Each structure stands twice: as structure tokens, then as C-alpha cells.
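**Q** Following this message is one structure expressed as C-alpha cells.
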Amino acid sequence: MSVDDSAEIQLLVMMDASANDDQVEEVLALLTEAGSYGRVAPGSESIVIGAFGDREALKSLVLEERDGVESVVPIRKPYKLVSSEASPEPTVIQTRGKRVGGDHFALIAGPCTVESREQTLSTARAVQAAGASMLRGGAFKPRTSPYSFQGLGLEGLAILEEAREDTGLPLATELMDPRHVEAVVEVADVIQIGARNMQNFLLLSEVGKTDKPVLLKRGSSASVEELLMAAEYILKEGNPRVILCERGIKTFERSTRFTLDIGAVPVLKEETHLPVIVDPSHAAGRRELVPALARAAVAAGADGIIVEAHPEPEHALCDAPQQIPTQRFAAFAEEIRRLVEVMGKQIG
């Protein structure tokens, strides 16, 4: 029987702690003989095999009676690999020694966009000194107006790379176009997929083929399930390191740029094993509201926040009203650190 690469994962085969390599290979061989296939879940402390194919055909294998198999768990959610059913423990993502998920809270900060070398290095140094665990910054910027500043592109990536080397902070930057995958992957420690590209399935599949963590932002009109299905595209290509980001959705309310769906945080924490962070800057659209929304994110159980900072926000070329002045960032970061500790986590 041929193996269908488009098959969905149907079961998780949980192996005993004492299971040996031969027993794992036997399960994988049985799946292949049945016209299905299995993948060992990456990053899991215990051995877990995802079984793909026809559910009824898989059931007929009676895998739970095989040597070394502890249990067989059916996955009923439409999002298979990202479902909490797919992993008994929360996923913790690590890059350059910094961690996101579990007991580790990510404070990701930096300029909305790279405008100049001086502005980027100044901001990077300020957020690093204040205790940020990761640097954010856009080299390529999706803008509503085609006449707005679109970022410095490859020149911006070079500046971000210098800022990373100067501060030691892992770098998160946005990828917008499949043509830029190679350039962004070469520089970035975390690839950001913005809200506008959440359902750019070709782009999701491309980053799914990389070995870099992916920060996936929820689209402004997307449901929680649509966000999880978008993440599924990435995991299905073999990249298990995805960070989900709630950044506000469109509603009738106009007092903020978007409406922060704070309820999405505990919902996502229940539905998926992936880390969940919040972007209070884009949700608020106003810097004076960012601290309150950031505190709400921490209290709701988020695994991190991603915020924007700038030495002179009033002169910023992009999203000026929502960027925190770097002179005030240390006080903001200290407030967040104290609350993170109350929640039983630590930054980075």
C-alpha cells in the first residue's frame, strides 16, 4: 500500500519510559505496512509517535497491545499536531540560551522598524540593559498604504544582525515574502509571521521547512481555531517550534487600535501545547495603554509579551503613537518582571 503524505495525524502512540529502539521501530514498521506512517514527536521527553493515515485502519493494528506501548490516544481536534492532546507537556522553545514557555517568560522588545543603525543600536542596548530576553525589529514592513515607509530590507537585516551581536539578544524579525526566506533565516533567531500573513499558507509551509522558531501572530479578523490551523501548516512541514501571538482583533470599538482578546490566552493555553505570547503595542495603538494590557497578559498566563520601543517615538517612521520611549522602558520592564515572578515564572 502507498503512503499518502496528505494524511492527517489520527493517533498518538505513547511509548513506555523503558521502551527500546527496536520496539519503536517495530511500531513504525507496522504503521508503514498498513499504508500509514508514523513520526516520532520532536522535543518530547518521553517517546511519542504520531500515527498518520486512516483512523479505522490504525485501530485495527491494536497498537496498545504491542511491546513497549503504554497507551494510544486518539486526536479529535481539527488541528492535530498543535493540539494539547498531541503533547502531555507544554512546549518550551529555546534560542541562544533564552527560553519561551513553561516557567520561562519572554520579554521581547525593540523598534517597530529599523530606521537607521544609530536608532536600532540605541534601542537594542536600552532594552537589553532593562532585562529584555529578545530583540524585535522589522527590516521588511507590511503597511496599509503603499506610500508609507516599507522598511530598509536587506540593509535593515544587516543592522539587526549587528544589534544582535552587540547585545547578545536573540533576534526576532518579520518574514513577508517567500523570496526572502533564505536571507531572513540566515539572520533571524526567530522568524515572525505577521497578522497580515497568518493565512499565507505558502509562506507558512516555507517556514515549516526551516529549523528556526516561528512567532505566528493572529490575524485581525481570525478566530482562535484559524490561528491554530495556521500553526498546523508549520508543524506539518516538520518545524515544531512555534510561538503563538495574540495581538488584538477588529471589533466595533475604536478607543484602541484593536481589541485585545485577553480571553484568547487561557483558551489557547488549554487548546495547545505551544507557547502563547501577547502584543500589547499593536492592540493598544497608544503607548499609555501598553503597560496595563501587558500586565493583563501576564496575569492571564501568557508566556511572554512583545512590545515596541524607540529613542524618540514622536519621530518614528512607523507606529509612532504606540512605541514606548527607551528612557521609560526600564521602569516598564521592572514592573513586568515583578508581576512575572508573582505568577511563578522568570524572564528568559
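The values are calculated or read from the model by the stated rules, or taken from the named source; none is laboratory data. Since the model is a prediction, treat every value here as computed from it, not as a measurement. Don't worry about glycine lacking a Cβ; one is built from the backbone with ideal geometry, like all the others, and counts go over all protein chains shown.
**Q** Could you say which residue among 334, 288, 308 is acidic (Asp, Glu) and without any contact (Cβ under 8 Å) to a residue 40 or more places away in the chain?
**A** Criteria check complete, one pass: 288.
**Q** Follow-up. Looking only at helices (runs of 4 or more DSSP H) that fall completely inside segment 253-348, which ones have 2 or more residues that are outside the structural domain of residue 41 (by TED's automatic domain parsing), at negative phi and surrounded by fewer than 20 Cβ atoms within 10 Å (Cβ to Cβ)?
**A** 264-271, 290-299, 326-342
**Q** Go through segment 61-79 and give me each residue that's touching an Asp or Glu at 6+ places or on another chain (Cβ under 6 Å) and surrounded by 17 or more Cβ atoms within 10 Å (Cβ to Cβ).
**A** Matches in segment 61-79: 68, 72, 75, 79.
**Q** Can I ask one more? For segment 171-231, which fully contained strands (runs of 3 or more DSSP E) count at least 1 residues that are closer than 23 Å to residue 159 by Cβ and among the hydroxyl-bearing types (Ser, Thr, Tyr)?
**A** 171-174
**Q** Here is a follow-up. From the list 302, 316, which residue is under 16 Å from residue 247 (Cβ atoms) and either in contact with an Asp or Glu (Cβ under 7 Å, 6 or more places away or on another chain) or in contact (Cβ under 8 Å) with a residue 12 or more places away in the chain (or both)?
**A** Residue meeting the stated conditions: 302.
**Q** Taking segment 232-252, which residues are under 28 Å from residue 188 (Cα atoms), part of a loop (DSSP other than H, G, I, E, B) and of a type outside the set (Asp, Glu)?
**A** Those that are under 28 Å from residue 188 (Cα atoms), part of a loop (DSSP other than H, G, I, E, B) and of a type outside the set (Asp, Glu): 238, 239, 240, 241, 247, 248.
**Q** Only one of 38, 53 is on the phi > 0 side of the Ramachandran plot and either of a type in the set (A, V, I, L, M) or at pLDDT 85 or above (or both); which?
**A** Every option except 53 fails the conditions.
**Q** Would you say residue 306 is over 30 Å from residue 81 (Cα atoms) and modelled with pLDDT of 95 or more?
**A** So residue 306 fails the test.
**Q** Tell me, yes or no, whether segment 147-160 has at least one residue that is out of contact with any Leu (no Cβ under 8 Å at 6 or more places or on another chain) and over 25 Å from residue 115 (Cβ atoms).
**A** No, segment 147-160 contains no residue that is out of contact with any Leu (no Cβ under 8 Å at 6 or more places or on another chain) and over 25 Å from residue 115 (Cβ atoms).
**Q** With the requirement that a residue be in a strand (DSSP E or B) and among the small types (Gly, Ala, Ser), what does segment 42-67 give you?
**A** Once the filter is applied, which keeps residues that are in a strand (DSSP E or B) and among the small types (Gly, Ala, Ser), segment 42-67 yields 50, 51.
**Q** Continuing with this model, one more query. Restricted to segment 105-139, and to residues that are among the small types (Gly, Ala, Ser) and in contact with a Leu (Cβ under 8 Å, 6 or more places away or on another chain), which residue is surrounded by the fewest Cβ atoms within 10 Å (Cβ to Cβ)?
**A** Going through the qualifying residues, I end up with 131.
**Q** Do we find a residue being surrounded by 17 or more Cβ atoms within 10 Å (Cβ to Cβ), more than 15 Å from the chain's Cα centre (by Cα) and either at pLDDT below 95 or at positive phi (or both) anywhere in segment 163-175?
**A** Checking segment 163-175: not a single residue is surrounded by 17 or more Cβ atoms within 10 Å (Cβ to Cβ), more than 15 Å from the chain's Cα centre (by Cα) and either at pLDDT below 95 or at positive phi (or both).
**Q** Condition test on residue 273, is it out of contact with any Lys or Arg (no Cβ under 8 Å at 6 or more places or on another chain) and free of Cβ contacts under 8 Å to residues at least 60 places away in the same chain?
**A** Taking the combined requirement at face value, the residue does not satisfy it.
**Q** Test each condition in (1) farther than 30 Å from residue 330 by Cβ; (2) in a strand (DSSP E or B); (3) free of Cβ contacts under 8 Å to residues at least 12 places away in the same chain for residue 70 and report the one that comes out false.
**A** (3)
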